[in-house]
Amino acid sequence: MNQKELSQLTDKELLEVAKKNKPSPIIDAFFIGFLVGIIIFSVAANAWGFLTLIPLYLVYILLKKPKKYEALKKELEKRNLQ
């Protein structure tokens, strides 16, 4: 969700979204490390191809997650809902 979509939510809906999107840095770090390991293994095995791009895309998604949460926190602070 971008900032415009978040500003259109009601207070109750915004709090529900905040509960669902709470980050879990330990789990995210584990998955990023696991996916990077898969990428390194595939490069070492000379298997650079489509199956290597999938973990790269998943790492990108996991790295974008905190940015979305920051936008959500800003909207919560703006409405004094914390």
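Each reported figure results from applying straightforward, stated rules to the coordinates on display, with no laboratory input. If you're wondering where the values come from, they're calculated on a predicted model, not measured in any experiment. Cβ coordinates were reconstructed from backbone atoms using ideal geometry, including for glycine residues, and neighbour counts include every protein chain displayed.
Okay, here's what the table says:
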item	result
Chymotrypsin sites (Phe, Trp or Tyr not before Pro) restricted to DSSP loop in the range 6-66 with at most 13 other C-beta within 10 Å	48
Label point distance in nm, residue 71-residue 58, each placed 7 Å from Cα along Cα→Cβ	2.4 nm
Trypsin sites (Lys or Arg not before Pro) restricted to DSSP loop in the chain with at most 15 other C-beta within 10 Å	79
Spacing of the two label points (7 Å from each Cα toward its C-beta) at residue 45 and residue 19, in nm	4.3 nm
Relative contact order for the range 3-78, counting Cα pairs under 8 Å that sit 6 or more residues apart, in percent	49 percent
Kyte-Doolittle mean at least 0.5 and Cα axial length at least 27 Å: DSSP H helices in the chain	25-44
